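One structure below.
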Amino acid sequence: MAVVDVTKSCLDSISEISDHIEGSVLYLDAGCTQSFQYTGAFPLLLNHGVRAVCSLENISSLDTVVDWNANSHPVTKVVVITSRLLSDAHRYILRCLSTHQAVDCCTVFTSVSEIAHSAYPDSPLGPDAFHEYESLLVQDYEELVKKDKKNSRRTEGSNLKDISQHETSLSARDFIEDKSVADTEDAGKKLVVSVHHFPMILCPFSPRVFVLPSEGSVGDAYLSVKHEDALSPGLPPLSTGLLSDGDDIPAGATLTANFLYHLAAKMDLKMEIFSLGDLSKTVGKIMTDMSSLYDVGRRKRSAGLLLIDRTLDLLTPCCHGDSLVDCMFSSLPRREKTTFSAHLKSSQNQLKHGPSNLERASLDVQIPLALVLREEDNNIDNFRLLESIEAFLCGWDSGNSASQVLDLMNLKNKVHNEKPLEFENELLSGSFVSTESFRGTPYMEAILDRRTKDGAVLVKKWLQEALRRENITVNVKSRPGFVTKSELQLMVKALAKTQSSLLRNKGIIQLAAAALVALDESNSARWEAFMSAERILSVVSAGDTTQSLSAQIDDLINKTALMGLHGQKNKSEASKGLLSFQDALLLMISGYILAGENFPTSGSDGPFSWQEEKLLKDSIVEAILENPSIAKLKFLHGLMEELETNLSRIKFDESKETSSDQIDIDDFDDDQWGKWGDEEVDNKNNSKEQVYSDMQLKLELRDRVDNLFKFLHKLSSLKSRNIPLKDGSLSLENNFSGDPYASRGLLYKLLTRVLAKNDIPGLEYHSSTVGQLFKSGFRRFGLGQAKPSLADQNIILVFVIGGINSVEVREAQEALSESGRPDIELVLGGTTLLTPDDMLDLLLGKSSYF
């Protein structure tokens, strides 16, 4: 029986379009680049005859000569693969075509299906979206060619200006019309355009764990509209039993349903769909509505799909679990996201639905190989690169390509003038690739469910094996079962000593470099401080009263505020591993969720008493007044400038009073004594105005803090307001009987009950329309079938709408191994990979509805 392998399915999908991409210049947008990077698809693309792979958002005139050689011909075939809606990618596709002026064939692949295009809010394309877009792109391109002929003396920059004038064409549905034959002949050579669906755009961390690209339309689409039960556009709403219908269905639900439907079709799976949570039920309903007689008749492997709302368990992704992968993703810098200009939307729908896309953190991490490899005897020398650029310029035909030469000269000057360190870091920046393996075992798959220490030991073992294979000896003292940063660094440098060894072992070198960043004292100490604080909050939340829990939260706020103030006054002193005030707010979120779990209360007054909450509010207000820069969060927008001004004035007044005490009374002359009374009156008036201004600012700040605590009350009521959690069978229990990791998240508890065939409150089975028809017909003859069980399936796909973390990957594997069902193939997916910092941004940052 074939084994489910998401990575292999992605690579097979690329091979299926080999005829389209052969001999072409291939353009990938940021989302596709992330996906192909994790799947290790770039060598495969070149094997299938792709001439060059370029960035869709960062198109350059150099793209026309990227594969230049003595026998090369002008590019006539361009292929674009995008993870965005066609309307969003339109301007970039036009710019791409204008760059390659000899092109006569353009093929566009999009990860968003034709049905999803027509169902998307404010989409300018209808049910026949792909054919409509083909006509539109040809029409816009022909008009661009006409203008270029009329204004042949214009520069390339003005052509790009013409492109921007065409970008608004998608906002009008009646823009797609047939052009007359005469117009086509005037425009020049006819461009052949074809649009196809390419659904396998995802980021696999292993053959059975994947998330969606952070810069694709599906991963970035909003999951909830702004209303009382919504927390963030990046999270599903609370499961109160009120399902979205019609126009109220978030775009993320529609796009996710279409993605999962086509993913199952590509992997030849017939899904039995189960859902837990309101948004998951909506997604399940959309998927069942898409089913047809054609699906029923095809021979496919049966599989179970379990959809889960992230809001049923917000505590797990908020916490800093013992996971090397989570620590690496939290510690490593990310590439800056590309600003993708979407098509115009009506203001009415924007007010109704909120933002169509949200800004999730990029999954494209930058592993700083230059920092690891930098040493006097191993410096990166860019001399050869500069020499190559100069040689290329000397052999270039400047008579025909003046603009290209100018671009190359600018690039050369940039390399010359750029700081060596910055250029070095940019040149040597690694990334994760799920297909890099050690003796057939992918590195990412092996460490994905490992704890920090176990994962680091495994990385060390791989480095030792690679060194042994290369016959390289490293003089380093090593203890079995222990890992130090220095020994890892020495082994990485030895393995990367020569270019050949670096290329052969690039997978383990990149992974080891990422582990070094995670194990660095500044990152590991902070992570451990978080784990310690979260463990204390969990322990005190298991007590009889809320007093200890509120006191711990108050202590965290005061300590971090004091540390922030101390760090501002003593900038030269490093404060490695210290938690910030924003970290304390994240811990307070966890504390309120724990309080709601262990101390449920009626009403909306929160789990703590009035006196306890007042102390917390006062601590936050005082911390922000004393140092406004420590709390750059959304709930203080519009108030930060006043807070900074107020702090500066207080400091100025204090210094003024100190200096005035030192003034001797003999310094005053007789004329000044005469004006003293008037100055006293002015000072009193100014003082009254200042007191009024201070009071106004404090009142405004207290109002903001009150709203913050109302939001925290909503988080503390997750158990009571989420219907599937009300009976307590799936509550996030804490167990501290000796094992600090005995506490499990929702996913572990859910899978344990599912595999044991226990009843789960709120779990809904979605029977297809055809299935319901057959069942109702059989019931007339007394042959009704029982509701299928998820545990009866040999393949189970679990998808968490809103995102997952690697701790949940480990817990899912533990639940499977404890069930005694080795025959089950478990695949875990999610909207994105969540870190605790991502959760803070979703709940209190710019991606929050608060």
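What follows is calculated from the coordinates using simple rules that are stated; it is not laboratory data. Please read these numbers as outputs of a predicted model, since none were measured by experiment. Cβ coordinates were reconstructed from backbone atoms using ideal geometry, including for glycine residues, and neighbour counts include every protein chain displayed.
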Quick check: residue separation of E228 and L562 times 0.36 nm, minus the Cα distance between them. What number comes out in nm?
116.7 nm
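With respect to the cross-link table entries K77/K149; K460/K506; K485/K634; K614/K698; K337/K559; K634/K749, which display a Cα-Cα separation exceeding 26 Å?
Working: K77/K149 21 Å; K460/K506 15 Å; K485/K634 37 Å; K614/K698 15 Å; K337/K559 34 Å; K634/K749 34 Å.
Long pairs (Cα-Cα over 26 Å): K485/K634; K337/K559; K634/K749.
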Among the range 300-321, those whose backbone N falls under 17 Å of a label point 7 Å along Cα→Cβ from D837 are 317-321
Under the 7 Å Cα-to-Cβ spin-label approximation, S629 and L503 lie apart by a distance in nanometres of 4.8 nm
Taking the mean number of other Cβ atoms within 10 Å as a proxy for protection, how do you rank 490-497, 195-202, 216-223, 321-328 from highest to lowest?
216-223, 321-328, 195-202, 490-497
Counting only residues 5 or more apart in sequence or on a different chain, those whose built amide H sits under 5 Å from that of G430 are I367, L369
In nanometres, what is the gap between the two model label sites at F42 and S437, each 7 Å from Cα along Cα-to-Cβ?
2.1 nm
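Would you please put 47-53, 809-815 in order of how densely packed they are, using the mean number of other Cβ atoms within 10 angstrom per residue and starting with the highest? Don't skip to the answer; put the middle values down first.
On the way: 47-53: 16.9, 809-815: 21.1.
Descending packing order for the listed peptides: 809-815, 47-53.
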Under the 0.36 nm per residue contour assumption, what length would be gained going from the current alpha-carbon distance of Q696 and K710 to full extension?
2.9 nm
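At 0.36 nm per residue, minus the direct Cα-Cα distance, what do D268 and H131 gain on full extension? Give it in nm, one decimal, please. Mind dumping the intermediate values first?
Details: separation 137, 0.36 × 137 = 49.32 nm, distance 2.67 nm.
Full extension from D268 to H131 adds 46.7 nm.
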What list of ³J(HN,Hα) couplings, whole Hz, do you get for the range 551-561 from phi and the Karplus terms 6.51, -1.76, 1.60, once you set θ to phi - 60° and write x for glycine and proline?
5, 5, 5, 4, 5, 4, 5, 5, 5, 5, 5
Which residues among the range 488-506 fall inside the zone where the amide N is under 17 Å from a point 7 Å beyond the Cα of T473, along Cα→Cβ?
491, 494-495
So, R0 is 51 Å and r is the distance between the beta-carbons of T76 and D248; what FRET efficiency does that work out to, to 0.05?
0.60
Could you check the simple spin-label distance between Q611 and K149, using points 7 Å along Cα→Cβ, in nm with one decimal?
8.7 nm
Which part of the range 477-517 falls in the paramagnetic zone of K453, meaning amide N under 16 Å from the point 7 Å along Cα-to-beta-carbon?
479-485
Long-range amide H partners of V80 with built H, under 5 Å
Y27, T107, V108, F109
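I need the calculated FRET efficiency for the pair S522 and S55, taking r as the beta carbon distance and R₀ as 22 Å, to the nearest 0.05.
On the way: r = 32 Å, r/R0 = 1.46.
It comes to 0.10.
Report the FRET efficiency, 1/(1 + (r/R0)^6), for D544 and K846, where r is their Cβ-Cβ distance and R0 is 35 Å, rounded to 0.05. Could the numbers behind the result be given before it?
Values: r = 39 Å, r/R0 = 1.12.
The computed FRET efficiency comes out at 0.35.
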